[in-house]
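Structure first, then comments.
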Amino acid sequence: MKHLQRPARRALLVVHLAVSVAWLGLSVGLLTLGITAYTTGDPSLTEASYRAMKVFGDWLLAPVAVVTLVSGLVLSLGTPWGLARHRWVWIKFWITLATAAATVFALRPEIEHAAAAGVPDASLVSAPMVSTTAYLFMTAISVLKPWGLTRRGRRLRALASSRKAVDERSSRQRA
């Protein structure tokens with residue numbers, strides 16, 4: 001894929017950061033509601049918490065997860081970071097894909113079931129706890145950029161440096 005121009009890259013980066021932060025915020029909100037529903041002794045508060053979780057699940061979770069995944073994918077493919085050149089990008093991609101799939105195919109149906117039953121459900125505490133931890137981990141590796149290049153990244157860097165060396169030799173021969 002061709003590299004994004006600077007204005008497009010910046011706009012997409014803002015979108016990606018905004019939806020990523022929104023996903024983290026939704027996860028923390030779901031965790032708070034899940035803890036409230038699970039620990040309260042008031043059945044009406046449990047029901048209200050699960051109904052609020054259902055609103056988040058029905059209207060926000062899937063779109064935010066998909067936009068986060070797509071914007072991150074386009075950013076990685078449209079910048080020098082690449083998708084499979086750096087371990088931290090590659091790990092973020094797979095964690096995002098897994099959490100997006102879990103959100104859409106496991107968490108939303110579980111919220112739907114809990115909202116209908118109105119009975120405390122420990123999985124609606126553990127799932128947002130896991131997702132919050134995953135999003136915080138992805139935030140940390142986005143800032144720290146650990147682990148270096150992948151095997152593919154090392155191969156591409158070596159190929160680029162050998163091309164650069166050939167170009168430098170040919171330009172010296174012409175001069």
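Report, by residue number, each residue of the stretch 103-120 that is open to solvent by 50 Å² or more (accessible area, probe 1.4 Å) and either farther than 20 Å from Thr40 by Cβ or among the acidic types (Asp, Glu) (or both).
Phe105, Ala106, Arg108, Pro109, Glu110, Glu112
Could you identify the single residue in Val70, Val64, Val89, Val119 that is over 12 Å from the mean Cα position of the chain (by Cα) and of a type in the set (Val, Ile, Thr)?
Result of the check over Val70, Val64, Val89, Val119: Val119.
Here are some residues: Phe105, Phe56, Phe137. Which one is assigned to a helix (DSSP H, G or I) and within 12 Å of the chain's Cα centre (by Cα)?
Phe137
Going by the conditions given, is Leu97 closer than 17 Å to Leu24 by Cβ, open to solvent by 60 Å² or more (accessible area, probe 1.4 Å), in a helix (DSSP H, G or I) and free of Cβ contacts under 8 Å to residues at least 60 places away in the same chain?
yes
Only residues that are polar (S, T, N, Q) and either open to solvent by 70 Å² or more (accessible area, probe 1.4 Å) or touching a residue at least 40 places away in the same chain (Cβ under 8 Å) (or both): list them for the stretch 57-94, please.
Those that are polar (S, T, N, Q) and either open to solvent by 70 Å² or more (accessible area, probe 1.4 Å) or touching a residue at least 40 places away in the same chain (Cβ under 8 Å) (or both): Thr68, Ser71, Thr79.
Would you mind finding the one in Thr40, Thr36, Thr32 that is open to solvent by 60 Å² or more (accessible area, probe 1.4 Å) and under 24 Å from His113 (Cβ atoms)?
Thr32
The values are calculated or read from the model by the stated rules, or taken from the named source; none is laboratory data. Predicted model, so just to flag it, every value in this text is computed and none were measured. Cβ sites come from the backbone with ideal geometry, for glycine too, and all protein chains shown count toward neighbours. Remember, those area values only see protein heavy atoms, side chains included, never the ligands or the DNA or RNA. Shrake-Rupley method; radii C 1.70, N 1.55, O 1.52, S 1.80 Å.
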